[in-house]
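I have placed the structure first, in the form of C-alpha cells, so that the comments after it can refer back to it.
Please treat every number below as a calculation from the coordinates, not as lab data. Remember, predicted model here, so these are calculated numbers, not experimental data. So basically every Cβ, Gly included, is an ideal-geometry build from the backbone, and we count neighbours across all protein chains shown.
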Amino acid sequence: MIQRRHIHALQGLLKSSQSHIFKRTLNHPPELFYRVVSDVNAYHEFIPYCTRSFINKYDETTQTPVEGGLRVGWRHVEEEFVCNLHCEPHHLVIAESVTHSLFEHLYTKWTILPNARKNSCDMELELKYKFKSDFYNKMSSLFANSVSDLVIKAFDKRAAQLRRQEMRAKL
C-alpha cells in the first residue's frame, strides 16, 4: 500500500509543471552573451538537437525579435514550436510558447548582468514548462538538468567562438 501511494504521488508531481533555475558566471561581456541568446535564428548552428531555428517577426522600432521558433529532434522524433519573444537589449530575453502542439506551456527567461570582473557576466536561466505528453514530462524530469547544462555550455561555446572571431577581425 505504501508503495502505491508513493508511485501515485510521483505521478501527480510529473503531471504538474516543471521549473528550474540555472545560474553561471561566464567569461564573456554581457553584450556579447546577450547577442548569442537573442539570435534565435542561429540556434540550429550550435544547440544540440535543434534542427531548425527561425524568426517570424521583428519589432519595427528596436529591431529585436518578437516571434520565433525552433524545431528540435532526437532520433526519429521531431517537434516544432513557436514562441513570443521579449528582448531588452544587453540583459534580458524571454520566450513564451504560442503554439501548443508540444507544450501546454513553455517559459524561458535569460537574465544577463555585468559581473565585477572585466569581460564577464552573470547569467540566469529560468525555465518553466509542461509538455502535453506524459512520456515527454517523465523523460524531461529525468534529464532536465543534464540537457540544460548541455544547452548552456553550447551558448557559452558559441559566445567564445564569436569573441575569437571578433578579436581576429580587429587584427
Averaged over every viewing direction, what's the projected area of the C-alpha convex hull for segment 13-60? Give it in nm², one decimal, please.
6.0 nm²
For LYS130, go through the aspartates and glutamates and keep the ones whose alpha-carbon is under 16 Å away, minus same-chain ones fewer than eight residues off.
GLU79, GLU80, GLU96, GLU104
From Cα pairs below 8 angstrom and at least 6 apart in sequence, can you work out the relative contact order of segment 101-162, rounded to a whole percent?
29 percent
Taking r as the C-beta separation of ARG24 and PHE143 and R0 as 25 Å, the FRET efficiency to the nearest 0.05 is 0.85
If the chain were replaced by its equivalent ellipsoid, with semi-axes equal to the square roots of 5 times the Cα gyration tensor eigenvalues, what would those be, largest first, whole Å?
32, 19, 15
Okay, helix-only estimate at 222 nm for the chain: each DSSP H run of n ≥ 4 adds -39500 (n - 2.57), divide by all residues, round to 500 deg cm²/dmol; what do you get?
-12000 deg cm²/dmol
Could you name the lysines in cross-link range of LYS132, using Cα to Cα under 20 Å and dropping any fewer than eight places away on the same chain?
LYS15
Two decimals is fine: what is log10 I(q)/I(0) at q = 0.17 Å⁻¹ for segment 89-134, from a Debye sum with one equal scatterer on every Cα and no solvent?
-0.57
What FRET efficiency comes out for the pair TYR136/ARG52, r = Cβ-Cβ distance, R0 = 25 Å, nearest 0.05?
0.85
The distance between the Cα centres of segment 87-106 and segment 11-81, in whole Å, is 8 Å
On a 28 Å Cα-Cα criterion, which of the cross-link pairs LYS118/LYS153; LYS118/LYS157; LYS23/LYS170; LYS57/LYS138; LYS57/LYS118 come out too long?
LYS23/LYS170; LYS57/LYS138; LYS57/LYS118
Compute the relative contact order of segment 62-119 as a whole-number percentage, counting only Cα pairs closer than 8 Å that sit 6 or more residues apart in sequence.
24 percent
Normalising by the residue count of the chain, find the relative contact order in percent from Cα pairs under 8 Å and 6+ residues apart.
25 percent
